[in-house]
């Protein structure tokens with residue numbers, strides 16, 4: 001067992017049965033609220049080890065939902081999750097997703113925050129958008145959460161400020177495992193993408209360490225350093 005545990009991307013559940021949002025996991029974590037109905041509860045929650053990310057998920061990409069997000073980004077450590085999702089394209093065309101995505105990247109610039117990125121399909125378009133962002137905003141940082149891109153795309157994204165976060169779901173897939181094996185050690189993070197759990201993070205670290213041929217403690221320490229490099233102290 002070791003203490004330098006982080007969850008780079010998790011979600012809260014602010015219900016009557018879970019007044020602390022399920023965020024009392026005793027480790028450093030970043031909770032993400034990616035739907036407008038969740039923004040206020042996360043903003044109003046406070047705990048020493050909890051960082052916050054506010055954004056609009058691509059499956060809800062609607063410019064009409066964004067005007068009030070500035071009120072929450074003042075309390076944020078990141079913008080997102082935002083990005084592109086081909087599964088939603090029938091109801092939310094790519095161009096609409098692209099506009100909402102680009103707007104949130106501009107908000108990341110405005111508030112000097114990194115971005116948390118979601119992508120399903122549309123990889124070519126995602127790389128194009130992120131390269132455009134990097135060109136106009138040197139030094140910008142982003143994290144691809146639930147990373148399952150190809151090793152080639154991972155190397156391309158690293159060059160323009162990319163970090164990569166993995167959960168058990170990704171590590172148990174062929175694509176996710178290949179991506180996790182290819183990412184540089186100073187860009188790797190771990191996540192639950194759910195309510196935070198020390199047990200799940202321990203399991204994730206163990207699986208990722210085995211995949212990369214390194215020790216659990218070494219992997220956890222790398223993820224810890226990378227977490228604070230990405231989100232800031």
Report summary line: With -39,500 (n - 2.57) per DSSP H segment of 4 or more residues and division by the full residue count of the chain, the 222 nm estimate, nearest 500 deg cm²/dmol, is -12500 deg cm²/dmol
Query raised in the report: Where both partners of a DSSP beta bridge lie in segment 13-231, what percent of those bridges are antiparallel, to the nearest 5?
Result: 5 percent
Report task. Using only alpha carbon pairs under 8 Å that are at least six residues apart, calculate the relative contact order of the chain and give it in whole percent. Result -> 21 percent
Requested in this report: State, to one decimal in nm², a quarter of the convex hull surface area for the C-alpha atoms of segment 46-118, i.e. the direction-averaged projected area.
Outcome: 4.9 nm²
**Report entry** the chain - Kirkwood radius from inverse mean 1/r over Cα pairs (Å)
**Finding:** 17.5 Å
Requested in this report: Give the distance, in whole Å, between the Cα centre of segment 64-112 and the Cα centre of segment 190-208.
Outcome: 26 Å
Requested in this report: Report the calculated FRET efficiency for residue 106 and residue 49 (r = Cβ-Cβ distance, R0 = 22 Å), to the nearest 0.05.
Outcome: 0.15
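Taken together, the values in this text are just the output of simple stated rules run on the coordinates, not laboratory data. Nothing here was measured: the structure is a model prediction, and the numbers come from that model. Counting neighbours? That spans all protein chains shown, and the Cβs are built from the backbone with ideal geometry, glycine included.
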